[in-house]
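Read-outs throughout are calculated quantities, based only on the coordinates presented, and are distinct from any laboratory measurement. Keep in mind that what you see is a predicted model, and the values were worked out from it rather than measured. Cβ placement follows ideal geometry from the backbone for every residue including glycine, while neighbour counts extend to all protein chains displayed.
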Amino acid sequence: MKTALLSVSDKTGIVGFAKGLVEQDFRIVSTGGTKKVLEDAGLTVIGVEEITGFPEMLDGRVKTLHPVIHGGLLARRDLPEHMRALEEHGIDLIDLVCVNLYPFKSTIMQDGVTEAEAIEQIDIGGPSMLRSSAKNFVSVLPVVDPTDYQPVLGALANQTDDIDFRRALALKVFQHTAAYDTLIAQYLGRSAEAFPAKLTKAYTKKQEMRYGENSHQKAAFYENVLPVPFSIAQAEQLHGKELSYNNIKDADAALKMSAEFEQPAVIAVKHMNPCGIGLGETIEEAWDRAYAADSTSIFGGIIVLNRPVDLATAEKMHQLFLEIVIAPSFEKDAFEVLAKKKNLRIMTVDFTKRLDAKEPETVSVMGGLLVQDQDAVVETEADFKVVSKRQPTPAELKAMVFGQTVVKHVKSNAIVISTANQTLGIGAGQMNRIGSVEIAIKQAEASDDFKDAIMASDAFFPMEDCVEFAAKHGIKAIVEPGGSIKDQASIDKADELGISLIFSGRRHFRH
């Protein structure tokens, strides 16, 4: 008779699986809670202690860590010396292992859980049995996923449990235990060094994508095994078609921008850059300003609002073609208006967790990964140093704080023309800084508020041409980091043209 060892934390489907195994002439060996569930269902179950001749001890910490268990799992059937060793020590073969692990993830996600409580949910025996069975998958069926119960029963019944089938189950085991160990490492390392010698991350596939950045590229979306509440991965989609690869990247960028603002704010994003950001006393006023910032580029954009969406705002958004609208919530009538467009993705995110999203940023490169802190600096007027003769006005200083907040989310070379509550022009991603200045000013000049605008730059001016171009087009105040060997040339040009030049002392490149 074949032997199956069943020991599961998640009991979903285990009774049906065990009954199916019994029907195929397996005897069932089990432990603790699993044994009780199976016996309550009328099954005959052998306790692990009956096999090992050793009782559970240390509050269940030690029960399956025994040579009788692991010998039965690891013995190679094709090696006579292995089989002789089993016979010599009275060890029976184990042909199938079904184990899922202590609920470490759900435990640490509960409020108020202590480290001691979390550590008690670190499974030792379960991963050991899984790894032993998966190493010997040629002879032992390793089962870790309840969704595999019926396929395994079917394969056994039809004798289709061939080497490829078994290898796939083994692969799933090692992926599962690796993710489990990684989650534990992340938890224990949550207050350790930012950049450890061994960086371990685990992700679960959330979505198979129709295609990637372009239609000929395959892609998938993975979420962190430890969920980040304020993220596109944890957003709830209420309406619309499936997110695309580019949707996800743009939505992620927009969410990061929205986390900068406490007052009502609307962020419109195209191709990873803001095309319009507006602040207001109400979310409708913030929308009006974001839309007016660039009424052309917002077409087909991704919109994030950091307040519940009301009917008035929804009716204005409904008049445009938009890809995604994300907010904390939607009033019932506002949702009904937006949902008239069947393809519009309508999503909610937990904005109460917006300041908790402090995970380092990662970027893949060939053969490796770049990791850095988020650019979470919030600059204030106190950070500014006036280096020109002309002093900025209080309104200009306030606008500079807003401009500096936005510019760090724009691809370098980055230039932002803004007031204190609205972007007017954005120049992004140009190979030289004057090119970004020209683009931003050309766009901003169409606004009635251009006369009150300032210019913010993510990095220093390599020469005075940026200051000269800005001043000749009506800009009266500029904030930039400073630090160029030609800073004095820019200062002299500002003094010559009668504008304020402020050094923030901090660069905000975003490649």
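Taking a ≥ b ≥ c as the square roots of the eigenvalues of the Cα gyration tensor, the stretch 332-399 is classed as oblate, since a/c reaches at least 1.5 and a/b does not exceed b/c.
The stretch 384-413 and the stretch 458-511 have Cα centres spaced 10 Å apart.
Charges were assigned to the Cβ only: +1 to each Lys and Arg, -1 to each Asp and Glu. The resulting dipole of the chain about its Cα centre is roughly 860 debye.
Enumerate the residues in the stretch 440-469 having an amide nitrogen under 13 Å from the point lying 7 Å beyond the Cα of ASN432 toward its Cβ. Counting only backbone N, you get 462-466. Below 8 Å, C-alpha to C-alpha, sequence gap of six or more: please give me the relative contact order for the chain in percent. Computed value for the chain: 8 percent relative contact order. Distance between the pseudo-spin-label points of GLU496 and LYS353 (7 Å out from Cα toward the beta carbon): 5.5 nm.
Of LYS451/LYS486; LYS2/LYS35; LYS249/LYS411; LYS201/LYS270, which sit over 24 Å apart, Cα to Cα?
LYS451/LYS486; LYS201/LYS270, as the Cα separations exceed 24 Å there.
Rounded to the nearest 0.05, what FRET efficiency do ARG507 and LYS19 have when you use their Cβ-Cβ distance and R0 = 56 Å? Numbers along the way, then the final one.
Values: r = 66 Å, r/R0 = 1.17.
After rounding to 0.05, the efficiency reads 0.30.
Its Cα centre serving as origin, the stretch 203-356 has a Cβ charge dipole (Lys and Arg +1, Asp and Glu -1) of approximately 640 debye. Sorting MET1, MET455, MET83 by the number of Cβ atoms found within 10 Å of their own Cβ, with the fewest placed first, yields MET1, MET83, MET455. Spin-label pair ALA197-LYS135: with each label point 7 Å from Cα along the Cα-Cβ axis, the two points sit 2.4 nm from one another. Considering only ILE51, PRO462, THR393, whose Cα is most displaced toward the positive end of the charge dipole of the chain, charges sitting on Cβ of Lys, Arg (+1) and Asp, Glu (-1)? Result: PRO462.
Pairs of Cα atoms under 8 Å, at least six residues apart: use those to get the relative contact order of the stretch 274-341, whole percent.
Worked out over the stretch 274-341, it gives 28 percent.
Farthest toward the positive end of the dipole of the stretch 2-188, out of THR34, SER106, HIS82, is the Cα of HIS82, where the dipole comes from beta carbon charges about the Cα centre.
Sorting VAL387, VAL437 by the number of Cβ atoms found within 10 Å of their own Cβ, with the fewest placed first, yields VAL387, VAL437.
Within the chain, what percent of beta bridges assigned by DSSP are antiparallel, to the nearest 5? Before the final figure, lay out each step's value.
Working: 35 of 65 bridges.
That works out to approximately 55 percent antiparallel.
Fully extending the segment from GLU281 to HIS318 would add 11.2 nm, taking 0.36 nm per residue of separation and subtracting the current Cα-Cα distance. The loop-placed chymotrypsin sites (Phe, Trp or Tyr not before Pro) in the stretch 162-233, going by DSSP, that have at most 14 neighbouring Cβ atoms within 10 Å of their Cβ come out as TYR211.
List the relative contact order of the stretch 381-503 as a percent without decimals, with contacts defined as Cα pairs under 8 Å and 6+ residues apart.
On the way: 278 pairs, mean separation 34.7, N = 123.
RCO, the stretch 381-503: 28 percent.
Nearest 20 debye, what's the magnitude of the dipole of the stretch 381-503 about its Cα centre given +1 on Lys and Arg Cβ and -1 on Asp and Glu Cβ?
Numbers: 13 positive and 17 negative charges, 27 e Å.
Dipole magnitude for the stretch 381-503 comes out near 140 debye.
What lysines could a cross-link reach from LYS342, if we take a straight Cα to Cα line under 18 Å and drop same-chain neighbours fewer than 8 places away? Answer for LYS342, where 18 Å is the Cα cut-off: LYS241, LYS316, LYS332, listed by chain and number.
Candidates VAL144, GLY20, PHE165 compared by Cα position along the dipole of the stretch 2-188: farthest toward the positive end lies PHE165, with charges placed on Cβ.
Straight-line cross-link reach from LYS198 at under 16 Å between alpha-carbon atoms covers these aspartates and glutamates, not counting any fewer than eight positions away in the same chain: ASP181.
Of LYS2, LYS205, LYS198, how do they rank once you tally other Cβ atoms within 10 Å and put the fewest first?
Ordered from fewest to most neighbouring Cβ atoms within 10 Å, LYS2, LYS205, LYS198 come out as LYS198, LYS205, LYS2.
The modelled label-to-label distance between SER364 and ASP40, using points 7 Å beyond Cα along the C-beta direction, is 4.5 nm.
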